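To start, the structure under review is shown below, and the notes come after it.
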Amino acid sequence: MTFPSQVLSRRRFMRSLVLKGCAVSLAGLPFPGAADEKASAIAPSRTGGQPTGAQPSSLNKPSSYLSVRALGAKGDGQTDDNLPLQEGIDRVSAAGGGTLFIPSGVYLTGQLALRANVRITGEGYPSCLRLRPAGNNYVLANTDGYRYVDNVTIDNLRIDGNKHQNRSSGGIVMNGRNFVITQCTVHDTVQACIECGAPGKGAERTPLSSGIRVIANYCLNPGLNGNAWGAIGITHGSNVLVQDNVCETTDGQMSYGIDIEPNAGNLIDGVKVIGNILRGGRLYVDCENMSSPGRNIHVSQNQILAENALPTKFANAAAVFLRNIDGLTIESNLIVGHPASEWMGIMVASPITQFSLRSNKILGPAKGGTAKYGIFFGYRAGIATHGEITGNSIDGGAGLRYGIYAAHPRALSDVKIAENVFTSVEQPYALSGYPVQ
C-alpha cells in the first residue's frame, strides 16, 4: 500500500519511538521472558503498512518460550492448525506465562481462545493467522463470557479475517487488564480488526478493562456487503491508548477508522487517540448508550482523511462525530471532509461538557461537494457547555456555507470562541448571536 511521503516519514519516526517504548511495556508484564532481548530481535520493519520480517534470534530460548512448529503446526495455508495453536497458548499460560512464537507461514485456524500471561509473537507480515473458511468468528478472543484475560501481548503478526469465505469474522477482541497489541497487520474482516470491550456477560458488574495499548498496527478493509464496521473499536475501558495506527479501506466498506462506542452497561473513562491515520473512515465517539457520559477522552495529532473514502452508505456523515462526553479534547488534528457529506468536519450530536476543540485544521474537498458545515452543534439547548472552540482553521475548499454553526439558539453555554480562521467560507459563524471574542 502506498502512502504519501510525509505520512511515511512521520510514521517511521513514531514507530521508532513506539518500539523503544514497547520493551518497557513488555517488561511490565508479570510473566517470565516477556522482556527478553528477542522482543527487539524479531520485531519487523515496515514500509507503508507492508512489513518485512527479520529472522528470529538464535539465542537460547528460556523455558517459557515455545514455537508452534514444535507442536506440529504446519503453516502451509492448507492444514487446519487450530489444535496446535490453541495447545501452544494453553501450555504457555499453564506454565505461568511466557512467549508463543509463530514462525513465518500461513496458519489456517478457527477462533483461538486467549489465556492470561501470554505473549503471542511472530516474524511480522509473513507470520499469518488466517481464519479458515466458515470459521465465522474472531481469530483471537477471550472466550470466557464472565472473566477477563489479563497480561496479554500480541505483536509482529498478520491476522487475515478471510472475509470473502466467512459470513462473520474479526481480528482480535480483548477483554482484560494490561493488554498490548502492536506491530500487527489485521485485514479483511467482516467485523472490527481490533476491538476492546467487556466480557460478553455481566458487563455491568465488571471492572473496566484497563491498561490497553493498541500501537503501530495496520488495519485494512473491515466490513463486507454494506455491513460496514470500524477498524479499531473501543466499547469498554479505562486507561486506553490508541496510537500511531493506520486504518484504511480500499474497498469502501469501512465505516469508522476508530469507533469509541460503548454498549449499554459498558463504561468509557480515560481514552487517548493520538497520531493515527484514518484513510477512508470516520472518528466516532458515541457514548449515547451509557447511563452516564463517556469521560476523559483525548484526541490529538491524527489525520482523519474522510475525503479518500470510497462511496458507502456512510458517506454522508461528519469526519468526526461526538455524543455524550464529559471531559473531551479534540486538538491539533487534520480533518478532511468527504465530498458527499453536509457535515464536513466535526459534528456534535448530543451534549458535551468540559471540552476543548482547538487548533484543528479542517479541509473541504477541492472540487465539488455538498458540504455546509465545518463544525456543527445539534438541535438542542445546552449541547455544548463549559468549553472552548479556539484556534481552528477551517478551509471550505470548493466552498462551505457555514464555518461554525449551532442549530439551536441556546446550543452553547459558557463556551469561549476565539481566534478561528476561515477560508472559502460564506458565513464564518452562525450561532444565533452567541458572542465571539
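Of the residues making up the stretch 160-190, those that are closer than 12 Å to residue 219 by Cα and either open to solvent by 30 Å² or more (accessible area, probe 1.4 Å) or touching a helix residue (DSSP H, G or I) at 6+ places or on another chain (Cβ under 7 Å) (or both) number 3. Quick check on residue 247: is it more than 19 Å from residue 141 (Cα to Cα) and at pLDDT 85 or above? Answer is yes for this residue. Within the stretch 230-268, the set of residues being farther than 14 Å from residue 190 by Cα, of a type in the set (A, V, I, L, M, F, W, C) and over 9 Å from the mean Cα position of the chain (by Cα) comprises 240, 241, 264, 267, 268. Looking across the stretch 407-429, the residues that are assigned to a strand (DSSP E or B) and either farther than 24 Å from residue 334 by Cβ or not hydrophobic (A, V, I, L, M, F, W, C) (or both) come down to 412, 413, 414, 416, 423, 424, 426, 427, 428, 429. Looking only at the stretch 373-401, residues that are within 30 Å of the chain's Cα centre (by Cα) and within 14 Å of residue 337 (Cα to Cα) come to 10 in all. In the stretch 78-112, the residue that is farthest from residue 133 (Cα to Cα) out of those that are open to solvent by less than 10 Å² (accessible area, probe 1.4 Å) and part of a loop (DSSP other than H, G, I, E, B) is 97. Filter the stretch 117-159 down to the residues that are within 16 Å of residue 174 (Cα to Cα), open to solvent by 10 Å² or more (accessible area, probe 1.4 Å) and without any contact (Cβ under 8 Å) to a residue 40 or more places away in the chain and list them by number. Answer for the stretch 117-159, where residues must be within 16 Å of residue 174 (Cα to Cα), open to solvent by 10 Å² or more (accessible area, probe 1.4 Å) and without any contact (Cβ under 8 Å) to a residue 40 or more places away in the chain: 137, 143, 149, 150.
In the stretch 402-411, of all residues being open to solvent by less than 30 Å² (accessible area, probe 1.4 Å) and within 30 Å of the chain's Cα centre (by Cα), the one that is nearest to residue 351 (Cα to Cα) corresponds to 406.
Within the stretch 346-362, identify whether any single residue is open to solvent by 20 Å² or more (accessible area, probe 1.4 Å), in contact (Cβ under 8 Å) with a residue 12 or more places away in the chain and over 20 Å from residue 285 (Cα atoms), and answer yes or no. Taking every residue of the stretch 346-362 in turn, none turns out to be open to solvent by 20 Å² or more (accessible area, probe 1.4 Å), in contact (Cβ under 8 Å) with a residue 12 or more places away in the chain and over 20 Å from residue 285 (Cα atoms). Against the test of being part of a loop (DSSP other than H, G, I, E, B), among the charged types (D, E, K, R) and within 19 Å of residue 71 (Cβ to Cβ), the options 147, 119, 115, 130 yield a single qualifying residue, 115. Of the residues 352, 325, the single one that is in contact with a Cys (Cβ under 8 Å, 6 or more places away or on another chain) and more than 22 Å from residue 252 (Cα to Cα) is 325. Yes or no: residue 297 open to solvent by less than 30 Å² (accessible area, probe 1.4 Å), part of a strand (DSSP E or B), closer than 19 Å to residue 247 by Cα and at pLDDT 95 or above? When the stated conditions are applied, residue 297 does not pass them.
Selection over the stretch 237-293 of residues that are open to solvent by less than 20 Å² (accessible area, probe 1.4 Å), more than 18 Å from residue 332 (Cβ to Cβ) and assigned to a loop (DSSP other than H, G, I, E, B) gives a count of 8.
The values are calculated or read from the model by the stated rules, or taken from the named source; none is laboratory data. Because the structure is a prediction, the values reported are computed rather than measured. In this analysis, Cβ positions are derived from the backbone assuming ideal geometry, glycine residues included, and neighbour counts consider all displayed protein chains. What goes into the accessible areas is simple: the full protein's heavy atoms, side chains included, and nothing from ligands, DNA or RNA. Shrake-Rupley method; radii C 1.70, N 1.55, O 1.52, S 1.80 Å.
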